[in-house]
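The values are calculated or read from the model by the stated rules, or taken from the named source; none is laboratory data. Keep in mind it's a predicted model, so treat the numbers as computed, not measured. All Cβ positions, even for glycine, are placed from backbone atoms using ideal geometry, and neighbour counts span all protein chains on display.
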Amino acid sequence: MTDPAPARLVVLVSGSGSNLQALLDASADPAYGAQVVAVGADRDGIAGLDRAAAAGVPTFVDSVKAYETREDWDAALAAHVAEFKPDLVVSAGFLKLVGPHFLAAFGDRYINTHNALLPAFPGIHGPRDALAYGVKIAGATLFFVDAGVDTGPIIAQVAVPVLDDDTEDTLTERIKVAERAQLVEFVGRLVREGWTIENRKVRIP
Ligand code: GRF
């Protein structure tokens with residue numbers, strides 16, 4: 001029997017793209033079961049787009065300010081992603097909240113990785129907020145995106161210690177190491193094994 005075609009991933013980025021790189025590296029092994037078929041961004045000139053280009057993966061940029069309204073941007077982003085027929089869409093450091101058009105098209109298969117242990121410290125400053133609060137354990141959360149800010153059903157979480165002499169940078173980097181490993185592991189499991197969501201509980205058989 002021949003292996004099934006790899007699942008199609010579209011990855012959305014806004015920055016350095018180290019999570020994207022981890023997925024690109026993992027998908028070089030056919031046994032991983034997934035392939036990054038496109039990378040989308042909300043801005044030009046970011047390392048994430050360079051990483052995609054270096055891997056020979058098509059890219060597209062939809063910047064909010066290129067559209068008259070946020071709704072137009074949301075619809076355009078959804079249309080661009082749809083062109084690549086993704087089985088899973090991964091927000092990997094994508095700094096924009098998508099809207100109703102995008103969620104109508106991909107809300108059942110759009111995941112995001114966040115650098116805090118949700119529901120604590122949602123938003124764009126997870127490690128900074130965790131440090132300021134004085135928590136002893138920080139971490140990362142992988143979840144299905146819903147209409148809220150970092151509120152969707154949780155797929156996986158990983159904890160990392162907060163050290164006494166941590167700065168925002170050192171904590172952010174420690175979280176990212178664990179976050180990348182979690183992302184690779186669970187994207188692979190989702191596409192290979194499937195999943196169910198019932199009453200917010202995500203289960204991978
Ligand atoms: C990740 O830590 C993610 O949680 C946060 O931004 C970071 C993206 O890093 N929202 P990278 O662009 O994948 O290197």
Test: residue in region 73-83 that is touching a Lys or Arg at 6+ places or on another chain (Cβ under 6 Å), away from the ligand (no atom under 15 Å from the Cβ), touching a residue at least 40 places away in the same chain (Cβ under 8 Å) and of a type in the set (V, I, T): no
Within region 115-166, tally of residues that are within 12 Å of the ligand (Cβ to nearest atom), touching a Lys or Arg at 6+ places or on another chain (Cβ under 9 Å) and under 24 Å from L103 (Cβ atoms): 3
All positions within region 160-177 that are surrounded by 17 or more Cβ atoms within 10 Å (Cβ to Cβ) and either among the hydroxyl-bearing types (S, T, Y) or out of contact with any helix residue (DSSP H, G or I) (no Cβ under 7 Å at 6 or more places or on another chain) (or both): T172, R174
Conditions (1) at positive phi; (2) buried (at least 16 other Cβ atoms within 10 Å of the Cβ); number of the one not met by P153: (1)
Scope region 90-112; condition within 19 Å of V37 (Cβ to Cβ) and within 15 Å of the ligand (Cβ to nearest atom); matching residues: V90, S91, A92, G93, F94, V98, Y110, I111, N112
First in region 19-33 and over 13 Å from R180 (Cα atoms), second anywhere and assigned to a helix (DSSP H, G or I) and within 16 Å of the ligand (Cβ to nearest atom), Cβ under 8 Å, 6 or more apart: Y32/A26
Residue tally, condition over 13 Å from the mean Cα position of the chain (by Cα) and closer than 15 Å to L190 by Cα, over region 108-128: 1
Hits in region 22-36 (condition: surrounded by fewer than 18 Cβ atoms within 10 Å (Cβ to Cβ), within 13 Å of V57 (Cα to Cα) and aliphatic (A, V, I, L, M)): A28
Options G45, G17, G40; residue that is modelled with pLDDT of 95 or more and either of a type in the set (S, T, N, Q) or surrounded by fewer than 21 Cβ atoms within 10 Å (Cβ to Cβ) (or both): G45
Some residue of region 111-132 being more than 22 Å from Q182 (Cβ to Cβ), modelled with pLDDT of 95 or more and out of contact with any helix residue (DSSP H, G or I) (no Cβ under 6 Å at 6 or more places or on another chain): yes
Which numbered condition R8 misses (of (1) assigned to a strand (DSSP E or B); (2) within 16 Å of E179 (Cα to Cα)): (2)
Test set (1) modelled with pLDDT of 95 or more; (2) out of contact with any Asp or Glu (no Cβ under 9 Å at 6 or more places or on another chain); (3) under 17 Å from F84 (Cα atoms) - A5 fails condition number: (1)
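Listed here are the residues, each with its yes/no results for (1) small (G, A, S); (2) within 9 Å of the ligand (Cβ to nearest atom); (3) not in a loop (DSSP other than H, G, I, E, B).
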{"residue": "L12", "(1), (2), (3)": "no, no, yes"}
{"residue": "Q21", "(1), (2), (3)": "no, yes, yes"}
{"residue": "V36", "(1), (2), (3)": "no, no, yes"}
{"residue": "G45", "(1), (2), (3)": "yes, no, no"}
{"residue": "G48", "(1), (2), (3)": "yes, yes, yes"}
Options E193, E173, E198, E185; residue that is assigned by TED's automatic domain parsing to the domain that holds G126, within 14 Å of the ligand (Cβ to nearest atom), over 21 Å from F102 (Cα atoms) and modelled with pLDDT of 95 or more: E173
